[in-house]
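The values are calculated or read from the model by the stated rules, or taken from the named source; none is laboratory data. What you see is a predicted model; the values in this text were computed from it and never measured. Using ideal geometry, Cβ is built from the backbone for each residue, glycine included, and neighbour counts are taken over all protein chains shown. The protein model used for the area step is the full one, side chains on, heavy atoms only, and it has no ligands, DNA or RNA in it. Shrake-Rupley method; radii C 1.70, N 1.55, O 1.52, S 1.80 Å.
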Amino acid sequence: MTRQLEGSSHRCKFFSLTETPENFTVVLDEEGFKELQPSEHLQVESSVWLPLNVISNGNASNSSQAVGVTKIAKSVIAPLAQQHVSVFMLSTYQTDFILVREKDLAVVIHTLEEEFNIYREVGGEYSAVLSQDVRNGFQKNGKEAPQPTVHPVLIPPNQFCVMSLDPDTLPAIATTLIDALFYSSSPKEGALPSQDLDCIKFFSFSLIDGYVSLVMDTEAQRQFPADLLFTSSSGELWRMVRIGGQPLGFDECGIVAQISQPLADSDISAYYISTFSFDHALVPEEDIVSVTEMLQQHRKEPAC
């Protein structure tokens, strides 16, 4: 679950639901968590997480530049990995959220304050956060982060779309959305996630501060009214790089960096969505061959 630095006293403002072949991953704020009924089927990660996102002074980025998590790979993801900070990534149509454990906040601010001006959102207003505000309990790591595990990747053949939706039209597609998430056919029964001959089921919906973001494959997209969904002007398609041969857990650091760093070095755009068991990077379809070769080479390189 996540907790905003200063939560609202009413209704959930941060909600994300992602379906994968293994399970559903739900990320929501404290108000939303209170609405969940206790269940033996609900597995809750024990930590409280805080969502951070990078705003570039309101300047629109050049369309030829890489977008998504690659924009913050070197300035945010890599420095946090070096400080042993685990991150949970949630890219949306509008922005990228970097979720960090509340207990790591002092380390996060100390690590990023030289590169960024850091603000805390309180009731819709922003106030500057200084390192001394969170200095108590901060312990700088005295050694370099260990070489991270280079996890295996799976590249399914699905073509994916990253889209948004006017929140006012959400009721018009509510039935379709529920059907796509909970009732649509999944890949063949008995097929293992490690088998890359079949498409995998992946559908992500988020409603954060009134903004809707959707990630689905082209087969699922056909269920929705075309005039209600919108994407970038180029209407690009994306391919998925699924990270992990077995469930990754939440304690390991450097998983996001394993993918985002090589992509950033090659100026390749990527959206990144972490889930309870595995991580998923979406890259432009035209780059999937070079990305595949790059990751294969990365796995062959000896650890330092």
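Data table
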| item | result |
| --- | --- |
| Options V44, V26, V107: the member that is among the aliphatic types (A, V, I, L, M) and assigned to a helix (DSSP H, G or I) | V107 |
| Close pairs from the stretch 221-240: first closer than 22 Å to A172 by Cα, partner of a type in the set (G, A, S), Cβ under 7 Å, at least 6 apart | Q223/A180; L228/A172; F230/S164 |
| Close pairs from the stretch 193-205: first modelled with pLDDT under 95, partner open to solvent by 80 Å² or more (accessible area, probe 1.4 Å) and assigned to a loop (DSSP other than H, G, I, E, B), Cβ under 7 Å, at least 6 apart | D198/K188 |
| Matching residues in the stretch 197-228 - criterion: being farther than 30 Å from G123 by Cβ and not hydrophobic (A, V, I, L, M, F, W, C) | D198, K201, D217, T218, E219, Q221, R222, Q223, P225, D227 |
| Residue match in the stretch 256-266 (condition: under 22 Å from S47 (Cα atoms) and at pLDDT below 95) | yes |
